[in-house]
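The values are calculated or read from the model by the stated rules, or taken from the named source; none is laboratory data. Because the structure is predicted, anything quoted here is derived from the model rather than measured. Cβ coordinates were reconstructed from backbone atoms using ideal geometry, including for glycine residues, and neighbour counts include every protein chain displayed.
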Amino acid sequence: MLKTAAKAIYSKQLGKVVGALLLVVGLTFLVGCQGFSSGKSSTQQPLGTLALSGASLDFGSVTTGQSKSMTAAASNTGTVSLTVSSASISSKYFSMSAPSLPITLGPGQSAPVTVVFTPNASGAFSATATIASTASDSSTSLSLTGTGVASGQLDVSPTTENFGSVTVGSQSNQTITLTNNTGATVNIPQASVSGTGFKLSGITTPLALNASQTTTFTATFSPLTAGSASGSVTITSDAPNPSLSLPLSGTGVTQGAVGANPTSLNFGTVTVGSKQVLSETVTNTGGSTLTVSQVGVSGTGFTVSGISTPATLTAGQSATFSVTFAPLSAGSASGSVTVTSTGSNPSLTIPLTGTGSATAGVLTATPAPIAIGSVVAGTSGSATGSLTASGANVTVTAASSNNSRFVISGLSLPVTIVAGASASFTVTFSPVVAGADAATLTFTSNAQPSTTTDTANGTGTAAPVHSVSLSWNASTSSGVSGYNIYRAVYTTSCGSYSKINGTMLDTLTTYTDSAVTDGTNYCYATTAVNSSNEESGYSNIVTDVQIPPP
């Protein structure tokens, strides 16, 4: 049995080592990475697309024991044929009478889907019809609802009424139908309504309805405040169902109103003969839809573009347009944009201000030069510069560098810099070799002069090289011919070890690993080999040797 030394010398440089039986005396940069990519391709046949004319069918009230049919259209909206193979319905009280399945639909073809509702008792019924096909969506659903009503009773249609959103101060009217399904006259002594904002009209009691006779009346929702509201209509009669109730619901919403962002526009100082364009957004801040009928502008040199009227804005919806200031002479100017609408504020004013300048603005670039410093060849370094306008607004239309290793970014061109303000930009230096380097940066604008220059410089430095130097105590076993050195990648633990000293044994007790990858952590171990080519187990294990990134 071979034994390796029980004690080893340990030291570390530029890395962290846990396990301390190897000497780490140096780390060297070597750029290198390996990888692979894989992919697969497949061919998928095109499929048709099955679409229904509606997502649901509501059969309304149907007398128990009787039937009612309704139809939806099933269409192939795709480009290839499809086959409808089967259909299932989750309730036996709904059935499909057409079409006869299976059926094939070519592109653009349709077929009627007829469903029959036959309630067996009073009450609400619901089901889902599931249609299976070879379409891209292999399963298409249709929601089915209906209400069974007993024969010989007083019925109301619809069975519920939702008024939706109604503006506070206005009203919404819905027609209600009352039917006598009994074989005799029904006397109705009272019709009442409950719930804030709800009222009835068009029905006078006492009322007598002959057999099979119908009458209509109106339910109205007039919300007094914003928010949800509920109520009900109650019909009292001598029918077999002496108290008939119709639930009511609705939501009160505030009237639409126009809000502006920003609330005013200041164009700063603009050179006579040039122009400055700013963006303005108007939003419906109320709860009901409004119509913007006109967007007007006043003041010398101001114009509006980018919006067409009339424009309808639903609750929360916005519209953005542009306002331009093109001064005709030097001096201060003022005006306003007026937004006319059907909102609660029918006329919204947005103040406009600006100053015309007889002279062009001046554009200055700082710092000069822009020093990026030392950057390792093959990598990049950056520094920030600034453009400042003075005298008048300046619009920068182009930015360039005469050296491809220096790149300007961070400016969304064209960019207008208001007089007295600045815009920052970034210069990125990407050296390919070691040595000093520089560039001239040129910015084109409507300033005077029309070009502004700055310089940038930096120094490329050679990439450092990393290596790992190992040393260990000699094995105390007899007949040792040499040593093998093993390495593994370390993540949270040591991975699989691989021999790195080639086919020849290391007859020394030192080894330098120069084939390391930047930014990778390693484990190292040694084995002893005797003259009979017998090899010991791993010894002198060192873990988590960190190779710095590039």
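Quick notes
Listed here are the residues, each with its yes/no results for (1) under 23 Å from Ser243 (Cα atoms); (2) acidic (Asp, Glu).
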position: Gly146; (1), (2): yes, no
position: Asp155; (1), (2): yes, yes
position: Pro158; (1), (2): yes, no
position: Gly164; (1), (2): no, no
position: Val168; (1), (2): no, no
position: Gln171; (1), (2): no, no
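- Region 294-303, subset among the β-branched types (Val, Ile, Thr) and surrounded by fewer than 16 Cβ atoms within 10 Å (Cβ to Cβ), residue farthest from Val253 (Cα to Cα): Thr300
- Annotation note: of Leu142, Leu209, the sole residue that is aliphatic (A, V, I, L, M), under 21 Å from Asp238 (Cα atoms) and either touching an Asp or Glu at 6+ places or on another chain (Cβ under 9 Å) or surrounded by 13 or more Cβ atoms within 10 Å (Cβ to Cβ) (or both) is Leu209.
- Only one entry of Ala423, Ala515, Ala419 meets the criterion of being hydrophobic (A, V, I, L, M, F, W, C), closer than 30 Å to Gly268 by Cβ and either without any contact (Cβ under 8 Å) to a residue 12 or more places away in the chain or part of a loop (DSSP other than H, G, I, E, B) (or both), and that entry is Ala419.
- Search result, residues across region 216-225 that are assigned to a strand (DSSP E or B) and crowded, with 16+ Cβ neighbours inside 10 Å: Phe217, Ala219, Thr220, Phe221
- Restricting Ala129, Ala135, Ala87, Ala124 to residues that are modelled with pLDDT under 90 and either surrounded by 15 or more Cβ atoms within 10 Å (Cβ to Cβ) or not in a loop (DSSP other than H, G, I, E, B) (or both) narrows the list to Ala135.
- The listed residue being under 30 Å from Thr167 (Cβ atoms), touching a Phe, Trp or Tyr at 6+ places or on another chain (Cβ under 6 Å) and part of a strand (DSSP E or B), out of Gly259, Gly335, Gly250, Gly354: Gly250
- Ser228 over 30 Å from Phe94 (Cα atoms), in a strand (DSSP E or B), under 41 Å from the mean Cα position of the chain (by Cα) and not assigned by TED's automatic domain parsing to the domain that holds Ser69: yes
- Under the condition of being farther than 16 Å from Gln174 by Cα, in a strand (DSSP E or B) and not small (Gly, Ala, Ser), the residues counted in region 235-247 number 3.
- Within region 453-474, being crowded, with 20+ Cβ neighbours inside 10 Å and not in a loop (DSSP other than H, G, I, E, B) holds for Asp454, Ala456, Gly458, Gly460, Val468, Leu470.
- Residue pairs whose Cβ atoms lie under 7 Å apart, sitting 6 or more positions apart in sequence or on different chains, and linking a residue in region 485-497 that is of a type outside the set (D, E, K, R) and loosely packed, with under 10 Cβ neighbours inside 10 Å to a partner that is modelled with pLDDT of 95 or more and outside any loop (DSSP other than H, G, I, E, B), are Ser496/Ala488.
- Region 265-308: number of residues that are within 25 Å of Ala360 (Cα to Cα) and not in a strand (DSSP E or B): 7
- Contacts under 6 angstrom Cβ, first residue in region 426-438 being within 17 Å of Ala368 (Cβ to Cβ), partner of a type in the set (Ser, Thr, Tyr), 6 or more apart: Thr426/Ser382; Thr426/Thr384; Thr426/Ser409
- The lone criterion from (1) in contact (Cβ under 8 Å) with a residue 40 or more places away in the chain; (2) farther than 30 Å from Thr503 by Cα; (3) assigned to a strand (DSSP E or B) left unmet by Ala392 is number (3).
- Exclusive hit being assigned to a loop (DSSP other than H, G, I, E, B) and at negative phi, set Ala191, Ala111, Ala211: Ala211
- Test: residue in region 160-174 that is free of Cβ contacts under 8 Å to residues at least 60 places away in the same chain and in a strand (DSSP E or B): yes
- Considering residues of region 49-70 that are out of contact with any Asp or Glu (no Cβ under 8 Å at 6 or more places or on another chain) and closer than 14 Å to Ile131 by Cα only, the residue surrounded by the most Cβ atoms within 10 Å (Cβ to Cβ): Leu52
- Evaluated against (1) hydroxyl-bearing (Ser, Thr, Tyr); (2) buried (at least 22 other Cβ atoms within 10 Å of the Cβ); (3) under 30 Å from Thr225 (Cβ atoms), Thr271 falls short on exactly one condition, (3).
- Residue count for region 440-459, restricted to those that are among the β-branched types (Val, Ile, Thr) and farther than 18 Å from Val415 by Cβ: 3
- Checking each residue in region 286-299 for being among the polar types (S, T, N, Q) and at pLDDT below 95 picks out Ser288, Thr289.
- Test result for Val339, within 30 Å of Ala226 (Cβ to Cβ), of a type in the set (A, V, I, L, M) and in contact (Cβ under 8 Å) with a residue 12 or more places away in the chain: yes
- Which numbered condition Pro242 misses (of (1) surrounded by fewer than 17 Cβ atoms within 10 Å (Cβ to Cβ); (2) modelled with pLDDT of 95 or more): (2)
- Every residue from region 378-429 that is surrounded by 19 or more Cβ atoms within 10 Å (Cβ to Cβ), in contact with a Gly (Cβ under 6 Å, 6 or more places away or on another chain) and under 26 Å from Ser274 (Cα atoms): Ala389, Ala392, Asn393, Val394, Ala419, Phe425
- So Phe443, is it surrounded by 14 or more Cβ atoms within 10 Å (Cβ to Cβ), within 36 Å of the chain's Cα centre (by Cα), at pLDDT 95 or above and over 12 Å from Ala365 (Cα atoms): no
- Hits in region 313-324 - residues which are surrounded by 14 or more Cβ atoms within 10 Å (Cβ to Cβ), of a type outside the set (A, V, I, L, M, F, W, C) and farther than 18 Å from Pro262 by Cβ: Gln317
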